1. If you check every pair at least six apart or on different chains, which have Cβ atoms under 9 Å apart with a residue in the stretch 51-64 that is over 22 Å from Ala89 (Cβ atoms) first and a residue that is aliphatic (A, V, I, L, M) and in a helix (DSSP H, G or I) second?
2. Looking at Phe60 and the list (1) out of contact with any helix residue (DSSP H, G or I) (no Cβ under 9 Å at 6 or more places or on another chain); (2) open to solvent by 100 Å² or more (accessible area, probe 1.4 Å); (3) modelled with pLDDT of 85 or more, which single condition is not satisfied?
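The values are calculated or read from the model by the stated rules, or taken from the named source; none is laboratory data. Worth saying up front: this structure is predicted, and the values here are computed from it rather than measured. We place every Cβ from the backbone using ideal geometry, glycine too, and count neighbours over all the protein chains shown. To get the accessible areas, we keep the full protein, side chains included, count just its heavy atoms, and leave off ligands, DNA and RNA. Shrake-Rupley method; radii C 1.70, N 1.55, O 1.52, S 1.80 Å.
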Amino acid sequence: MIRQKIRNLGANFPLKLQRSVAALPSSHPPPAVLSPQLRPTPPGAQMEDWAPVVIGIILFVVFSPGFIFQLPGHEQGLEFGSFKTNGKAVAVHAFLFSAVFMVLILGFGVHIYSG
């Protein structure tokens with residue numbers, strides 16, 4: 001009995017979907033998800049936002065494991081200027097880079113415009 005209900009549900013589903021799509025008028029605008037909302041630019045200027053590029057380069061240098069610091073280190077929990085790395089340190093520094101990058105770009109909304 002349950003199998004029969006599942007078969008009936010599956011058989012009716014495409015028909016209901018086709019009816020609902022066909023019921024939409026042709027002048028119906030596409031959903032808002034398909035059209036991205038753009039940030040307004042100041043008048044009289046064509047600008048590009050260089051903040052993700054500049055901040056990404058700076059954070060890449062700062063969070064390179066072993067260059068300035070390494071967390072976790074080989075002998076200690078935190079080492080400075082060791083120029084050595086390991087898998088754990090790469091994972092920790094990748095997480096730190098991503099977290100700080102997202103906070104700066106998305107959280108604080110840092111922008112650097114050229115032009």
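1. Ala51/Leu104; Ala51/Ile105; Pro52/Ile105
2. In the conditions (1) out of contact with any helix residue (DSSP H, G or I) (no Cβ under 9 Å at 6 or more places or on another chain); (2) open to solvent by 100 Å² or more (accessible area, probe 1.4 Å); (3) modelled with pLDDT of 85 or more, Phe60 misses (1) alone.
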